[in-house]
Every structure is written in structure tokens, then in C-alpha cells.
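Scroll down for the structure; my scribbles are underneath it.
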Amino acid sequence: MRQIVLDTETTGLEPEQGHRVVELACVEIVNRQVTDHHLHLYLNPDRDSDPEALQVHGLTTEFLSGHPRFPEIAQQLVDFVRDAEVIIHNAAFDVKFLNAELKRAGLPVFTELCGKITDSLMVAREMFPGKRNNLDALCDRFGISNAHRTLHGALLDSELLGEVWLAMTRGQNSLLGGDDEAGRRSGAGAAGALDRFDASGLPVIQLGEQDRQAHEAYLDGLDKAAGGRSLWREIEAPAVAGEDPLH
């Protein structure tokens, strides 16, 4: 399963008003692991950024003038995202700019290149209705440090969103099959799904030190959200001591 977390920075809010993409970043996730394979490009928009946009990303016209124009790098983007699921926070904004840039370059629009586009903002709103769901709020909610984020940058924001996305989608309902519509209608629920599920073919993966640290960081985020020790900590403590965690 190949996923791409994507973000852009632009000169303004509307491509119809001549605004352009000035920074583009894609971070690859394969089988729920962030890889070292990413695409990061600054682009010459041949125009100034609106003052409000410049305050957000800090990319000056002078700096951008030394970088390639979008048509020169368009094929790199096409090759990187082709047939993958692309995850974007507030996807409608980025996609309308990418569609406009690709059309200007004489290439198929972005929505025709990807296997699927997933809007992580819409997913977050379904998970946390009525709460702030911008990237900073989600980082705080899941205990992901964004202290180094003083300005918006496409690469940094893509890396943070990748961590947020993996935290948001850690559930295993699809593995157990307990959330399917047929299960809800029959009333079998998770218990019935567990009866049907054969775990004998699953590989046993030994956790390394990096995995253990990542687990601890995730639990710290749960503790913060719970305002104290989370239920997982209470279950994990007797298990670590060699006791039965369910009794």
C-alpha cells in the first residue's frame, strides 16, 4: 500500500486570479512506514506573493526567482504520485492549484493521476466533531512535537501530517471486520468477528528500540489527551509486571 502525503504553498488563495504554487512537497508512506523517498521543490511563480501569503510561508520573490518553473518539474510530480493514494489536509485547496498548474503544463489534471485523494481534514472532522482540526491542533492532540514550526513549509507540514495521519488511523477495525455493515445488522459485533478471525497466519514481529520509543511517545499523547494516566497505561502496567492484565 503506497500513500503520498502532500502539501503546497502558494502566492495567494485563487489560481483563477493568477496565483501559483511556490513550494511542493510529497512524503511517501509504504505499508504504514514513512520512507526516505520524498519530493520537495521550490518553484518560480513569475509573480509576487500576496502579503498575507508571504507572512505564512516567508518565501520571497527574490528567493524563488532562482528556482525552476512548474512546467520544468511537472513530470517529476506526475511520476511520484501516479496511482498512489494522496493524503492532503484541506485537499480542495491544494488540488485546485495543482489542477491549474498541470493544465497549464499540458498534462492531465491531478485528480486523474492519483489512485485516490483523501482529505485528512474531513477525516479529522468526522473523528473530532466540533473541535479545532488544523495541523497544529492535531499535532497537540496526538502528542506530536511541532515546536520547530515557526512558518508554514510544505515539506515540514507534509512530515507532520504523515505522523498525524498514522496516529489517526491506528485502529484495527478493518482487520477484525467488526465494523462492517453486515456485522452491525446481525448484532454480532466485535465478538463475532473475533470468532471468525484466524490469526494463525499473521507474522510475529519483534519490536526494536525505535518502535518502543514510538509506542511510549504515543502513550504520552494519550495521557495528555486524558488529562492523566490513560486506560492503556493501567492495562500495560500489570502486564509488564507479569500479571494478567484483565484480572
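Kindly indicate which of Leu155, Leu113, Leu121 is in contact with a strand residue (DSSP E or B) (Cβ under 9 Å, 6 or more places away or on another chain) and either open to solvent by 30 Å² or more (accessible area, probe 1.4 Å) or of a type in the set (Phe, Trp, Tyr) (or both). Can you show your working first?
Details: Leu113 fails: either open to solvent by 30 Å² or more (accessible area, probe 1.4 Å) or of a type in the set (Phe, Trp, Tyr) (or both); Leu121 fails: either open to solvent by 30 Å² or more (accessible area, probe 1.4 Å) or of a type in the set (Phe, Trp, Tyr) (or both).
Just one listed residue meets the conditions, Leu155.
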Requested in this report: Return the total of residues in the range 74-90 being more than 15 Å from Gly153 (Cα to Cα), in contact with a strand residue (DSSP E or B) (Cβ under 6 Å, 6 or more places away or on another chain) and open to solvent by less than 10 Å² (accessible area, probe 1.4 Å).
Outcome: 4
**Report entry** Top-ranked residue in the range 19-68 [being free of Cβ contacts under 8 Å to residues at least 12 places away in the same chain and among the polar types (S, T, N, Q); ranked as most open to solvent (accessible area, probe 1.4 Å)]
**Finding:** Gln55
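The values are calculated or read from the model by the stated rules, or taken from the named source; none is laboratory data. Given the structure is predicted, the values throughout are model-derived calculations rather than measurements. Cβ atoms come from the backbone with ideal geometry, glycine included; neighbour counts cover every protein chain shown. Ligands, DNA and RNA are stripped out before the accessible areas are found, and what is left, the full protein with its side chains, is counted by its heavy atoms. Shrake-Rupley method; radii C 1.70, N 1.55, O 1.52, S 1.80 Å.
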